[in-house]
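K.L.:
One structure coming up, written as structure tokens, with questions to follow.
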Amino acid sequence: MTVTEAPAVVPDADPEAAQAAIEHCYAQGWSDGLPLVPATRSLVDRFLATVDRQPDEVIGALEHLNRTVTVELAAVNAAMAGCRPEYFPVVLAAWEAVQRDRSAKGGGWQSTSGPSPLLVVNGPVREELGFNAAGGVFGPGFRPNMTVARSIGLMVRNALGVVPHGFEQATQGLPGRWQVCLAENEEESPWEPLSVEGGVPAGTSAVSGMLTRTAEYVDNRHTADPEQLLADFADTISRSGAAIFRHHPAAVVFCPEHAQMLAGAGMSKADVRAWLVERCGKSKADLIRVGKDGVGDNGVRSADGTTDPEVFDRLFATGGPEALPIVVAGARNAGISMVVRVFAGWSASSVPVVGRTTPTTQAGAQQ
Amino acid sequence: MATLADILDPTGQTTTRIGGAASAPRRTDLTGVRLGLLENTKHNAALLLEELATLLQEQHGASTTVLRRTKTAFALPLPEEQLTELVRECDVVLVGVGDCGSCSASAVADGIALERAGVPAAVICSDAFTATASGMAEVQGAPGYHYLTTAHPVAILDPEAVAERARQLLPEVLTTVTGASAVQKQAS
């Protein structure tokens, strides 16, 4: 057995020992299907050294499943996900951001809808760690984007014990589950960063998070009229398949070209939001056709069939960023944006990144 | 030098929870028992429990005194106050319908909590959610806990179909909440 003789860290580590360790992780049931980095004490300690937190601090729990997440477990899962140690402050901020979504503390992770977090990173940490904010921002291709998002999935799987076909009952789930961690393209956005709407000052690194059900593109390279452009978004946002309750949140991740066109027409983020909130929704006539026109006392839609076809059901319950968060990300090479179906709503509360996000203490500036 | 044994466990799991017996004392019949209905807001849940209550009253002498409660946070086990009230006011409780990923598990947790507090309970889940329902029984330290299943889906049934489901479930509800089931469990 060469495995037991393999040193923890050597320049020319034994690849076969590494393979055996990866297989060991699979055999324990810890993997999401992709290889895990075997986490050893020394590696996890390097993660813990980036933050001033007690390893046994509890940072999340599903009491009904008798499971808790500690800083230590977060570090183990982040290491296994393939993060570098200096990503760990971002992982903790991302986890906290997701915890602020009320559905994450209820049964969200167990839901048949199989939601997945949308994570948005703002501030200087994007450049420090090499987060992608531009082309192909929904991934893959960039280690911090992929591994931070994956860390959250492994924490839910391993530390919370919500495993597919067990307590995780997603009917189909969604493409890109545990894989979407965007950096906002602040440099090409005409508007304030999402984290500023989340209460964190501009220039401070922060993560925002919300559970989502999918994302669907709006490809409009066809008009220079901002109202036509927004009407295209309104159509996608309003589609009936997503409607199960009286109201729904949604997010828009605008590409720089769309954002700049709207800003060029004098529209602020709030103006864009107000335009969409006013117009998104369906007539009862449309909802009758799909069996969703009725709304019960608990807010759940049903096939009533007797409602007034002329009545218009607005999609958004409120007009703020909690119901319609707006982000700018992607390349400035085409008018292709994304509507994101938000599961329960955004907390409108971003989490500052606290810790050392550079590889060594000597080189590191405290964030 | 590190070995496979040095790879850290990402689950934090060390021991399995061992719980007390999840079986309350049973009566031999239901004459005069006060029913509790704990519905979880899932479509047709209240109606199915109501149909069962009617059958238990009409055919098995259950009391017309029925405590109807709605669990608004369907994903989570019932709140302590609601548990206390059901235990105080009811002799038998029907719980359901576990018809989603989270509420199927929490319905089983509720049934186990009621049994441990001394009240026989019949928990009804859709048969699409046995993995999560049984998983919760293990988490609660009652891996053999018996719950009832009805064919999925339940939510889109019309009222007559719901009543039919109630008729189908009735015999198993009876054996579950009366002594017959305790005897069966011991025998098995």
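The values are calculated or read from the model by the stated rules, or taken from the named source; none is laboratory data. None of these values were measured; they are calculated from a predicted model. Every residue, glycine among them, receives a Cβ derived from its backbone with ideal geometry; neighbour counts consider all protein chains shown. Calculation scope for accessible area: heavy atoms of the full protein, side chains included, ligands and nucleic acids excluded. Shrake-Rupley method; radii C 1.70, N 1.55, O 1.52, S 1.80 Å.
K.L.:
Look at region A:10-32 and say how many of its residues are facing chain B (nearest Cβ under 10 Å) and open to solvent by 60 Å² or more (accessible area, probe 1.4 Å).
P.N.:
Number of matching residues: 3.
K.L.:
Can you name the residue in region B:97-116 that is within 11 Å of chain A (Cβ to nearest Cβ) and of a type in the set (D, E, K, R) and is also farthest from B:ALA151 (Cα to Cα) among such residues?
P.N.:
B:ASP110
K.L.:
Is it the case, given these coordinates, that B:THR130 is closer than 15 Å to B:LEU37 by Cβ and within 14 Å of chain A (Cβ to nearest Cβ)?
P.N.:
Answer is no for this residue.
K.L.:
Kindly indicate the residue of region A:295-311 that is modelled with pLDDT under 95 and out of contact with any Gly (no Cβ under 8 Å at 6 or more places or on another chain) and also surrounded by the most Cβ atoms within 10 Å (Cβ to Cβ) among those meeting that condition.
P.N.:
Among residues in region A:295-311 that are modelled with pLDDT under 95 and out of contact with any Gly (no Cβ under 8 Å at 6 or more places or on another chain), the one surrounded by the most Cβ atoms within 10 Å (Cβ to Cβ) is A:VAL300.
K.L.:
Going through region A:146-160 one residue at a time, which ones are over 21 Å from A:PHE343 (Cα atoms) and either over 16 Å from the mean Cα position of the chain (by Cα) or free of Cβ contacts under 8 Å to residues at least 60 places away in the same chain (or both)?
P.N.:
Those that are over 21 Å from A:PHE343 (Cα atoms) and either over 16 Å from the mean Cα position of the chain (by Cα) or free of Cβ contacts under 8 Å to residues at least 60 places away in the same chain (or both): A:ASN158, A:ALA159.
K.L.:
Got a sec? Which of A:SER349, A:SER337 is hydroxyl-bearing (Ser, Thr, Tyr), in contact (Cβ under 8 Å) with a residue 12 or more places away in the chain, in a strand (DSSP E or B) and within 18 Å of A:GLU184 (Cβ to Cβ)?
P.N.:
A:SER337
K.L.:
A further question on this structure: Residues to consider are A:ALA97, A:ALA93, A:ALA79; find the one that is crowded, with 24+ Cβ neighbours inside 10 Å and within 11 Å of another protein chain (Cβ to nearest Cβ).
P.N.:
After applying the criteria, what remains is A:ALA79.
K.L.:
What are the residues in region A:28-70 that are part of a strand (DSSP E or B) and among the aliphatic types (A, V, I, L, M), if any?
P.N.:
A:VAL58, A:ILE59, A:ALA61, A:LEU62, A:VAL69
K.L.:
Looking at B:ALA75 and the list (1) open to solvent by 30 Å² or more (accessible area, probe 1.4 Å); (2) under 30 Å from A:SER302 (Cα atoms); (3) at the interface with another protein chain (Cβ under 10 Å from one of its Cβ atoms), which single condition is not satisfied?
P.N.:
Evaluating B:ALA75 over (1) open to solvent by 30 Å² or more (accessible area, probe 1.4 Å); (2) under 30 Å from A:SER302 (Cα atoms); (3) at the interface with another protein chain (Cβ under 10 Å from one of its Cβ atoms) leaves (1) as the failure.
K.L.:
Can you find, within region A:39-73, the residue that is nearest to A:THR360 (Cα to Cα) among those that are open to solvent by 30 Å² or more (accessible area, probe 1.4 Å) and under 23 Å from the mean Cα position of the chain (by Cα)?
P.N.:
A:GLU72
K.L.:
Take region A:177-191 and flag every residue that is open to solvent by 30 Å² or more (accessible area, probe 1.4 Å) and closer than 25 Å to A:GLY33 by Cβ.
P.N.:
Within region A:177-191, A:ARG177, A:TRP178, A:GLN179 meet the criteria.
K.L.:
Scan (1) surrounded by fewer than 21 Cβ atoms within 10 Å (Cβ to Cβ); (2) away from chain A (no Cβ under 11 Å); (3) more than 27 Å from A:ARG67 (Cα to Cα) for the single condition B:LEU94 breaks and write down its number.
P.N.:
B:LEU94 satisfies every listed condition except (1).
K.L.:
While we're here: With the requirement that a residue be away from chain A (no Cβ under 11 Å), among the small types (Gly, Ala, Ser) and assigned to a loop (DSSP other than H, G, I, E, B), what does region B:1-57 give you?
P.N.:
Listed by number, the residues that qualify are B:GLY20, B:ALA21, B:ALA22, B:SER23, B:ALA24, B:GLY32.
K.L.:
So A:GLY123 fits all but one of (1) open to solvent by 10 Å² or more (accessible area, probe 1.4 Å); (2) at positive phi; what number is the exception?
P.N.:
So the condition that A:GLY123 fails would be (1).
K.L.:
A:GLY139 fails exactly one of the following numbered conditions: (1) modelled with pLDDT under 95; (2) open to solvent by 20 Å² or more (accessible area, probe 1.4 Å); (3) part of a helix (DSSP H, G or I). What is the number of that condition?
P.N.:
Of (1) modelled with pLDDT under 95; (2) open to solvent by 20 Å² or more (accessible area, probe 1.4 Å); (3) part of a helix (DSSP H, G or I), only one is false for A:GLY139: (3).
K.L.:
Among B:ALA21, B:ALA2, B:ALA109, which is the only one that is under 28 Å from B:GLN168 (Cβ atoms) and of a type outside the set (Val, Ile, Thr)?
P.N.:
B:ALA109
K.L.:
Further question on the same structure: Select, from A:LEU154, A:LEU211, the only residue that is within 14 Å of chain B (Cβ to nearest Cβ) and assigned to a strand (DSSP E or B).
P.N.:
A:LEU211
K.L.:
Can you name every residue in region A:33-44 that is more than 7 Å from every other protein chain (Cβ to nearest Cβ) and of a type in the set (A, V, I, L, M)?
P.N.:
Across region A:33-44, the qualifying residues are A:LEU34, A:LEU36, A:VAL37, A:LEU43.
K.L.:
Can you tell me which of A:ARG213, A:ARG314, A:ARG289 is out of contact with any Cys (no Cβ under 9 Å at 6 or more places or on another chain), farther than 23 Å from A:LEU119 by Cα and modelled with pLDDT of 95 or more?
P.N.:
Within the list A:ARG213, A:ARG314, A:ARG289, the selection yields A:ARG289.
K.L.:
Among what's in region A:3-27 and is among the acidic types (Asp, Glu) and outside any helix (DSSP H, G or I), pick the residue that is modelled with the highest pLDDT.
P.N.:
Within region A:3-27, the match that is modelled with the highest pLDDT is A:ASP14.
K.L.:
Going through A:LEU211, A:LEU194, A:LEU174 one at a time, which residue ends up being closer than 30 Å to A:GLY296 by Cα and open to solvent by less than 10 Å² (accessible area, probe 1.4 Å)?
P.N.:
After applying the criteria, what remains is A:LEU211.
K.L.:
Given the criterion under 23 Å from A:SER337 (Cβ atoms) and either among the hydrophobic types (A, V, I, L, M, F, W, C) or in contact with a strand residue (DSSP E or B) (Cβ under 6 Å, 6 or more places away or on another chain) (or both), identify the matching residue among A:VAL98, A:VAL125, A:VAL137, A:VAL91.
P.N.:
Going through A:VAL98, A:VAL125, A:VAL137, A:VAL91 in turn, just one is under 23 Å from A:SER337 (Cβ atoms) and either among the hydrophobic types (A, V, I, L, M, F, W, C) or in contact with a strand residue (DSSP E or B) (Cβ under 6 Å, 6 or more places away or on another chain) (or both): A:VAL137.
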